[in-house]
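One structure is given here, and the rest of the page talks about it.
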Amino acid sequence: MRRRRGRGYSGYSGYRRRRGRGKTAAIILGVLLGIVLLIGILFFAVRIKEIEVTGNKQYTEEQIVDLIFDGKWSRNSAYCYYESQFREKKSIPFIEDYKIEFQSPTKVRVVVYEKSVVGYVSYMSSYMYFDKDGIIVESSGEQLEGIPWVTGMEFGHIVLHQPLPVENQTIFEQILNLTQVLSINEVKVDKINYNSFMEAELYIDDITVELGNDDDLNGKISELSDILPEIEGMAGTLYLDNYDENNSNPMYSFITE
């Protein structure tokens, strides 16, 4: 009888220890799940409050922010990180790519990579923007500020992401050189027209500038930069096609309308 009682007592004690260990494990598991849940709630509650934008020229910082963070969850830090790492980027006109860099859970930097655009042509009620190689990089119904309208080129059917089909491809090198020199001298033009002799005319408000061929382009645009403040607000034609870099006292004709 004693042996039986001893065995019975020992079995009950082992059951109680196992039950105690089960309760402890359940408590630990519950605490861990609670911590994970709390961290998840806090993590998904964090919102992006500060956004820095770099690399943008065609768009303002506010426009970039509105275009990228345009959804209900876009400023949620967790969702934004997931979206930037694992989902396809938003398609934005004139933007080649962008990336979102987290500076902190509430601060990000948006680095924008814009498409290289030197001019546009008008085609079937749209504006077709091309890069330095004459590749059509964008089609838009809006005129982009600071990008000149290029006329005088004859072309056929235009296809997006394909070269502009012009007979003389060297014209794109001339356009690139001209737009670069204009940018360096901070001269903004509305339109560039090329005649049949590949001579350029610039249109700035109501002023037409005859540049002639692309010889001495830097000198011509430098002179234009100096003259423009004197004729601003006027209408007429300025002739710089007779520019001579050896002439220390040049005189240029400006015929008003």
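Here, each number is a calculation from the coordinates, and none is a lab measurement. Note that this is a predicted model, so its numbers are computed, not measured. Here the Cβ is made from the backbone with ideal geometry for all residues, glycine too, and neighbour counts use every protein chain on show.
For the reader, a short list of remarks on this structure follows.
- Nitroxide proxy distance, nm - points 7 Å out along Cα→Cβ at Thr54 and Asn193: 4.3
- Distant-in-sequence amide H partners of Ile48 (H built 1.01 Å from N, under 5 Å): Asn76, Ser77
- Between segment 45-82 and segment 91-158, the Cα center-to-center distance that results, in Å: 20
- Extension gain, Ser140 to Asn242, is 33.0 nm, computed as 0.36 nm per intervening residue step minus the present C-alpha separation.
- Theoretical gain in end-to-end length, Thr24 to Lys90 [0.36 nm per residue, Cα-Cα removed]: 18.8 nm
- Using a cutoff of 8 angstrom between alpha carbon atoms and counting only pairs six or more residues apart, the relative contact order for the chain works out to 10 percent.
- For segment 121-177, the square roots of the Cα gyration tensor eigenvalues, ordered a ≥ b ≥ c, give a/c of at least 1.5 with a/b no greater than b/c, which places it in the oblate category.
- Summed residue charge, Cβ within 12 Å of Ser116's Cβ, Lys/Arg positive, Asp/Glu negative: -2
- Under 25 Å from the Cα of Lys107 - lysines, other chains or at least 8 residues apart: Lys49, Lys57, Lys72, Lys89, Lys90, Lys99
- Sum of side-chain charges, Glu61 neighbourhood, beta-carbon under 13 Å (Lys, Arg +1; Asp, Glu -1): -2
- For the pair Glu230 and Asn218 in one chain, pulling the backbone fully straight at 0.36 nm per residue adds 2.3 nm over the alpha carbon distance.
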